[in-house]
Each structure stands twice: as structure tokens, then as C-alpha cells.
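Right, one structure below, let's go through it.
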Amino acid sequence: MKSLLLIDDDKLFTDTIQMILQANGFDVSCCDSGSQALNLLRDNCFQAAVVDYHLPGMNGAEITSLLRTRSPDTLIIGFSLDNKEKEFLGAGADTFYPKPQITDVLSRLSELG
């Protein structure tokens, strides 16, 4: 099963995306802040991470930079209502999609083996 870390503080959005991803064969771990994500990374390895930009404590680009350092092989997808592509890519994300284009995210995730 493909493992994915979903980092977003919008509970309704997270619950919906988690349900869709699980139906598509993903083992999904969700968190709503950078500190929770870093705690999960201590004990888990993820094939992919979907990271929102606007989060409490630290933004998605900061989380992406830390995630890239700790887990260099993880596919990281930045995701935001605002155009934060430059910030995410500069922090080490593999790609960026504007919310709510979840179909693009799902398409990219389907490439995982």
C-alpha cells in the first residue's frame, strides 16, 4: 500500500481527501500543523506528502524544506488557494497545484509504484 502524509488544517477538506485517497489504495496519515508532521516523520516513512501552505506555526514551504531534508525520496506536492508555486518549489517540492484541483493531485499520485 502506498503511504501518504496529508498536511492541512482544514478538517473537512482533509477528511474528504483522506477518504478519496484511501479508496484509491493509499494509507493516509493526516495532520494539521508542521509540528505534528515532524512528529509523524520521526517514526514513519512516506512515499508522498501533500502539503498546504497556510498552517499554524510554520508555513507549507518551511515544512517542505524540513521534509525534503529528512526524507529526500518522498514525492512532495505543494497545495494552496494562493499561488505559492515559487515558494514550494524553492523549498524542494516536486510540484505545486492550486486548490481545489484535487484531480491533478490524484493523477500525480497515481504515478507512484
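The values are calculated or read from the model by the stated rules, or taken from the named source; none is laboratory data. Source: prediction; values computed, not measured. Cβ coordinates were reconstructed from backbone atoms using ideal geometry, including for glycine residues, and neighbour counts include every protein chain displayed. For the accessible areas, the whole protein counts, side chains as well, though only heavy atoms, and no ligand, DNA or RNA atoms are used. Shrake-Rupley method; radii C 1.70, N 1.55, O 1.52, S 1.80 Å.
Length gained on full extension, THR16 to SER35: 4.6 nm, using 0.36 nm per residue less the C-alpha separation. A straight Cα-to-Cα reach below 18 Å connects LYS84 with the aspartates and glutamates ASP8, ASP9, ASP10, ASP52, GLU62, ASP94, ASP104, residues fewer than 8 places away in its own chain not being considered. Each residue of the range 52-66 was assigned a 3J(HN,Hα) from its phi angle through the Karplus expression (A = 6.51, B = -1.76, C = 1.60, θ = phi - 60°), giving 6, 7, 8, 9, x, x, 9, 7, x, 5, 5, 5, 4, 4, 5 Hz with x at Gly and Pro.
Here the spin labels are modelled as points 7 Å beyond Cα on the Cα-Cβ line, and at LYS86 and LYS99 they lie 2.2 nm apart. The base-10 log of I(q)/I(0) for the range 1-51, evaluated at q = 0.31 Å⁻¹, reads -1.26 [Debye formula, identical scatterers on Cα atoms, solvent excluded].
Taking every C-alpha pair closer than 8 Å and separated by at least 6 residues, the mean separation divided by the residue count of the chain gives a relative contact order of 23 percent. Segment ASP43..SER107, full-extension length gain: 20.3 nm, with 0.36 nm per residue of separation and the alpha-carbon distance subtracted. Taking a ≥ b ≥ c as the square roots of the eigenvalues of the Cα gyration tensor, the range 54-100 is oblate, since a/c reaches 1.5 or more and a/b is not larger than b/c. For the range 92-97, backbone phi angles converted through the Karplus equation (6.51, -1.76, 1.60; θ = phi - 60°) give residue-by-residue couplings of x, 5, 7, 7, 9, 10 Hz, Gly and Pro being listed as x.
Computed over the chain, the quotient of the alpha carbon radius of gyration and 2.2 N^0.38 Å is 0.93. Anyone know which of ASP27, ASP43, ASP94 comes out most mobile in the 10 Å Cα GNM of the chain? Judging by the Gaussian network model, the answer is ASP43.
Apolar share of the accessible surface for the chain: 50 percent from carbon plus sulfur atoms, 1.4 Å probe. Each residue of the range 37-43 is assigned a 3J(HN,Hα), and the resulting list reads 4, 5, 5, 5, 5, 5, 10 Hz, derived from the Karplus form 6.51 cos²θ - 1.76 cosθ + 1.60 (θ = phi - 60°), x at Gly and Pro.
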